[in-house]
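Below you'll find the structure, written out as structure tokens, and then a few comments.
Computed from the coordinates by the stated procedures, all read-outs in this text should not be read as laboratory data. The structure displayed is predicted, hence computed values, not measured ones. Using ideal geometry, Cβ is built from the backbone for each residue, glycine included, and neighbour counts are taken over all protein chains shown.
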Amino acid sequence: MKSSRVCMGLLVAECVLVIVSWLLSAARIEGVRSMLSSEGIRWFFGGFSNIIANPLLAWLLLALIAGGSLKQSGVLRHFTARGEASFRNRLALRVAIVFVVLYALVISMLTLMPHAILLSFSGHLFPSAFSRGLVPIICFGITLFSVVYGIISGNKQKGEDVLDILSYGLRQGSSLIIIYIFAIQLYASLRFVFG
């Protein structure tokens, strides 16, 4: 319910911006471009995909996958359950931790050794390929932990179950994707009109 109000607010703001940009450009205010002009319409339709295709969208999708996999794999139930966890769940937790430690070791080798692949040309972590890929690296580690836990614990056993783990967060967070699309388009429209 709350997300629908946010979406409607962003949609109304976009419509108001279209009208205001037209009025301000009709008043010949310098530096304002109308979204209803031929240039504005071409920009809106021609650049829509490029505006949405942003690293923020990739980060949002990866974060939704990671968060959903934590919940769907049963990891969160393991930590919130009262009482003693079953042997299989304890084993799954240990194996998942081993996988994450191995993953962290590989990432460390790619970043901390001299002349490592993910360092910048000057040998620094920031800015580098590592810093640009930090969110995907973290999300992949969380997802790896969750999937391994889900499989070893027996919560998820088939290939479809693994797909369910990975897609759960996207299903639950689909409204965030819509909000992102409206918000990034409004931001780009503001930059077009007043930039």
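Which residues, counting only those in the range 154-173, are in contact (Cβ under 8 Å) with a residue 60 or more places away in the chain and more than 22 Å from the chain's Cα centre (by Cα)?
G154, N155, K156
With the structure loaded, tell me whether A116 is part of a helix (DSSP H, G or I) and either touching a helix residue (DSSP H, G or I) at 6+ places or on another chain (Cβ under 9 Å) or in contact (Cβ under 8 Å) with a residue 12 or more places away in the chain (or both) or whether it fails that test.
no
For a quick check of your reading: which helices (runs of 4 or more DSSP H) sit entirely within the range 1-85 and have at least 1 residues that are touching a Gly at 6+ places or on another chain (Cβ under 6 Å) and touching a residue at least 60 places away in the same chain (Cβ under 8 Å)?
55-73
Check L91, L125, L102 and return the single one that is farther than 30 Å from S189 by Cα, hydrophobic (A, V, I, L, M, F, W, C) and in a loop (DSSP other than H, G, I, E, B).
Result: L125 is the single residue among L91, L125, L102 that is farther than 30 Å from S189 by Cα, hydrophobic (A, V, I, L, M, F, W, C) and in a loop (DSSP other than H, G, I, E, B).
Filter the range 57-81 down to the residues that are of a type in the set (A, V, I, L, M, F, W, C) and farther than 21 Å from I178 by Cβ, then identify the one that is surrounded by the most Cβ atoms within 10 Å (Cβ to Cβ).
V75
Kindly indicate which of V193, V162 is surrounded by 14 or more Cβ atoms within 10 Å (Cβ to Cβ), within 17 Å of L76 (Cα to Cα) and aliphatic (A, V, I, L, M).
The conditions single out V162.
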